[in-house]
Amino acid sequence: MKSGKQRRREIKTARLLRATKAQRALDQYLPLGFRPTEAITVNPALLASYNSYGEPLFLARGWYQDQPFRCVDCDKDEVWTAAQQQWWYEVVQGSVYAHAVRCRPCRLIRRLAGRAQPTI
């Protein structure tokens, strides 16, 4: 049986290995020093705390960039801009694992429908 100290050392080594592997995977797609012109730099100090072993891609990358998505309600193609992401993650401190799934009109409709529910 291993001591707590040995186990913590193993866990730390495994985390470092995973982080290195993820960085290598990211580096093979992005040349050194590459950064899109429309990207906005991430400020990790302003993010909500998250208790997980994995790191969100935008945090590992170091910047926000526009992300296309399809609305789940109306199937319209939209873009979640870097500025909107920065607002969501840093100002509102939303979950770092959340991402846009609805366009603005569908979000408004859903929000208003939720408020119209009668209370029991």
Hz values of 3J(HN,Hα) by residue in region 91-98 - Karplus curve (6.51, -1.76, 1.60), Gly and Pro given as x:
8, 7, 6, x, 4, 6, 9, 7
Kirkwood Rh, region 35-115, all Cα pairs: how many Å?
13.8
Quick one: which residues, 5+ away or cross-chain, put their amide H under 5 Å from the amide H of W63? H built at 1.01 Å from N.
V42
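Only the coordinates and a few stated rules stand behind these numbers; no lab work does. Values in this document were obtained by computation on a predicted structure and should not be read as measured data.
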